[in-house]
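Read the structure below first, then the notes.
The values are calculated or read from the model by the stated rules, or taken from the named source; none is laboratory data. Since this is a predicted model, take the numbers as computed values, not measurements. Glycine also receives a Cβ, built like all others from the backbone with ideal geometry; neighbour counts cover every protein chain displayed.
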Amino acid sequence: MRIMQAETLRKQRDRKLLKSISIVVLVIIIGLIIMLFIAQRPMRQARVQSFNTAQKTEGIKRANSFYMSDLNHTYYTIGGPNKRDKKMYVIMNKHHKLVRTVSINSGVSRSAIMNRVRVQDHARKIISVAPAIFNGKTVWIASYENHNKQLCYHTFKYSTGKSLQLITNV
């Protein structure tokens, strides 16, 4: 009889412990999801504000792409069709003031720049490739990790793909 009571008490303790652990794990998961949501909020706001600026100033109908570059200055870029269905990049500074509008087809493609960084710079991991402004020129700025896991930046002229600046081992 005592053995059965002891066994019943042990099972009840185990259930309470399992329930407590489950609640703690659930609270941790919910907390992490909330933290992730909060951490992504500034980028979501930047995307919405950038699209609104591109829509008002250049008539962009929808945002097919959004890029952020933060090498020398912060630039946001919205890519998408304008009212005449011409594919454009609208590049603006962090204050969402229009800086430049370029046709997507007037320059070297993003995928060509990514391939070049992968092959020529031997990038281990490409972090981002984004349109921006550098010394008054429209450029692609690629950030990547090299084989030593060091951060590198490579700036290419948008229209030709010519290398303008390479910063390695940051």
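Points worth noting:
- Against the test of being part of a strand (DSSP E or B) and touching a Phe, Trp or Tyr at 6+ places or on another chain (Cβ under 9 Å), the options V117, V139 yield a single qualifying residue, V139.
- Of all residues in segment 83-101, those satisfying the criterion of being closer than 12 Å to A54 by Cβ and either within 18 Å of the chain's Cα centre (by Cα) or of a type in the set (A, V, I, L, M) (or both) are M88, Y89, V90, I91, M92, H96, L98, V99.
- Within the option set D121, D85, being on the phi > 0 side of the Ramachandran plot, modelled with pLDDT under 95 and either of a type in the set (D, E, K, R) or touching an Asp or Glu at 6+ places or on another chain (Cβ under 9 Å) (or both) holds for one residue only, D85.
- Residues of segment 142-164 that are surrounded by fewer than 22 Cβ atoms within 10 Å (Cβ to Cβ), over 19 Å from the mean Cα position of the chain (by Cα) and not in a loop (DSSP other than H, G, I, E, B): K157, S163, L164.
- Single condition V119 does not satisfy, out of (1) closer than 23 Å to F156 by Cβ; (2) touching a helix residue (DSSP H, G or I) at 6+ places or on another chain (Cβ under 7 Å): (2)
- Screening M68 against (1) surrounded by 19 or more Cβ atoms within 10 Å (Cβ to Cβ); (2) touching a Phe, Trp or Tyr at 6+ places or on another chain (Cβ under 6 Å); (3) modelled with pLDDT under 95; (4) not in a loop (DSSP other than H, G, I, E, B) leaves a single unmet condition, (1).
- Test: residue in segment 26-49 that is touching a strand residue (DSSP E or B) at 6+ places or on another chain (Cβ under 6 Å), over 23 Å from Y153 (Cβ atoms) and either touching a residue at least 12 places away in the same chain (Cβ under 8 Å) or aromatic (F, W, Y) (or both): no
- Within segment 144-169, residues that are on the phi < 0 side of the Ramachandran plot reach partners that are surrounded by 14 or more Cβ atoms within 10 Å (Cβ to Cβ) and acidic (D, E) with beta carbons closer than 9 Å, at six or more positions or on different chains, in the pairs Y144/D121; N146/D121; L151/E145; C152/D121; C152/E145; H154/D121; L166/D121; T168/D121.
- Filtered residues of segment 120-136 (kept if polar (S, T, N, Q), within 17 Å of L71 (Cα to Cα) and not in a loop (DSSP other than H, G, I, E, B)): S128
- K86 meets each of the listed conditions (1) buried (at least 17 other Cβ atoms within 10 Å of the Cβ); (2) over 23 Å from S163 (Cα atoms) apart from (1).
- Within segment 103-114, considering residues that are aliphatic (A, V, I, L, M) and part of a helix (DSSP H, G or I), the one surrounded by the most Cβ atoms within 10 Å (Cβ to Cβ): I113
- Residue check, G59 modelled with pLDDT under 90, surrounded by 10 or more Cβ atoms within 10 Å (Cβ to Cβ) and on the phi > 0 side of the Ramachandran plot: yes
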